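Data first, discussion second: the structure below is written as structure tokens.
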Amino acid sequence: PRAGGDARAVFCCGFQDVKYCCDDPHSFFPYEHSYMWWLSVGALVGLSIAAVVLFAFIITVCVLCYLFISTKPRSKLDTGLSLQMA
């Protein structure tokens, strides 16, 4: 641990090129920090594709609902039966 730092920070954490002291023995990753950059770029691409698909689905549902509502007949259909009070 560094002078004046936490006495429990006896483990090396971080990445191969960016290291720091911590108290968790499982926080060291044997990769360079740029590895995380590629993971975040992949996550952004995946989320962007998912957002476009969701947006297209919502637009399709809205258009289909509009077409369903706008093509319904305005008046009731005549069944040919007239009900009269006796």
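The values are calculated or read from the model by the stated rules, or taken from the named source; none is laboratory data. This structure is a prediction, so every number in the text was calculated from the model and none was measured. When we count neighbours, we look across all protein chains shown, and the Cβ atoms used for this are built from the backbone with ideal geometry, even at glycine.
Brief remarks follow.
- Residues satisfying the criterion are present in the range 33-46 (criterion: surrounded by 10 or more Cβ atoms within 10 Å (Cβ to Cβ), under 29 Å from the mean Cα position of the chain (by Cα), outside any helix (DSSP H, G or I) and modelled with pLDDT under 70).
- Of all residues making up the range 58-73, the number that are surrounded by 10 or more Cβ atoms within 10 Å (Cβ to Cβ) and assigned to a loop (DSSP other than H, G, I, E, B): 0
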